[in-house]
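Chemist: This is the structure I have questions about; it appears just below.
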Amino acid sequence: MSSYEEDRVETAETVVTAVDDAPRAEVTTGRPKRVLVLSLIHRPQLRLVNYVQNLAGRGDDVHVFVSRVEHWQEIEDLDPRIRLHPLDRPEEQLLVRRVERALVFRGPRAVSNVVGLVAGQRWGRPLRRPAEVVSRAQTKVSGAVHKRLFMPTYRALRPRLLATRFDEALRGIDFGTVDLVVAADVYTVTLAARLARLHPSVRVTTGLEL
């Protein structure tokens, strides 16, 4: 897998493979709430996992909208009543990501490969050493451009770029029955604000409130 595919938007998130033994909330006697939780951090944080577990444990109807559903599916003992909704299309399919891969990785790599093929011919032996230098330089420069130039800009634009990437999943939600929308991280604030404008009767918060 290439470096741009493995790159994580978050810098040091804890991988959650099991839910700890934190006490579950008791089921209340009132009407269960319908709660939508938004999270665009790729790997779920323990605090958020415990939060949605507590909601489901007390009988609430919990829908979690996530960027990487596979990381949530890896969590041991995740309450099966929690409904997971992935992005409509993978984040890597965003136009800006595809253009970056073409310009920063594929284009320069193609040129480097052509130089390598020429150097591999008998008549191109004098080019072998320069070809190796070009290949190493291409890998180093492409990685630096990706990490130091592209990713900082992409992180700043990411909330806006992904704000419409749950549209298909959200169309299946009757907001007349939704009690609470929770923006669980900074990347979902733009989406939460958009939902607040579209559905003013629904309470929207950034706090993990029970």
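Chemist: Once amide H atoms are placed 1.01 Å from N in the peptide plane, what residues at a sequence separation of 5 or more from LEU84, or on another chain, have their amide H within under 5 Å of its amide H?
Modeler: Under 5 Å from the amide H of LEU84 lie the amide H atoms of VAL64, each far enough along the sequence or on another chain.
Chemist: Taking square-rooted eigenvalues a ≥ b ≥ c of the alpha carbon gyration tensor, is the stretch 55-210 rounded, prolate or oblate, where a/c under 1.5 means rounded and, failing that, a/b exceeding b/c means prolate? Intermediate results must be reported in sequence, preceding the final value.
Modeler: Numbers: a/c = 3.71, a/b = 2.83, b/c = 1.31.
Judged from the Cα gyration tensor, the stretch 55-210 comes out prolate (a/c at least 1.5, a/b above b/c).
Chemist: Report ³J(HN,Hα) in whole Hz for each residue of the stretch 75-92, in order, from the Karplus equation J = 6.51 cos²θ - 1.76 cosθ + 1.60 where θ = phi - 60°; Gly and Pro get x.
Modeler: Working through the residues one at a time gives 6, 6, 6, 5, 4, x, 6, 6, 9, 9, 10, x, 4, 4, 9, x, 4, 5 Hz.
Chemist: Tabulate in residue order the Karplus-calculated ³J(HN,Hα) for the stretch 186-201, using 6.51 cos²θ - 1.76 cosθ + 1.60 with θ = phi - 60°, rounded to whole Hz; enter x for Gly and Pro.
Modeler: 5, 6, 9, 5, 4, 5, 4, 5, 5, 5, 5, 5, 6, 10, x, 7
Chemist: What nm value, rounded to one decimal, do you get for the distance between ARG106 and LYS147 when each label is placed 7 Å out toward the C-beta?
Modeler: 2.4 nm
Read the figures in this text as sums done on the coordinates, not as results from a lab. Keep in mind it's a predicted model, so treat the numbers as computed, not measured. Every residue, glycine among them, receives a Cβ derived from its backbone with ideal geometry; neighbour counts consider all protein chains shown.
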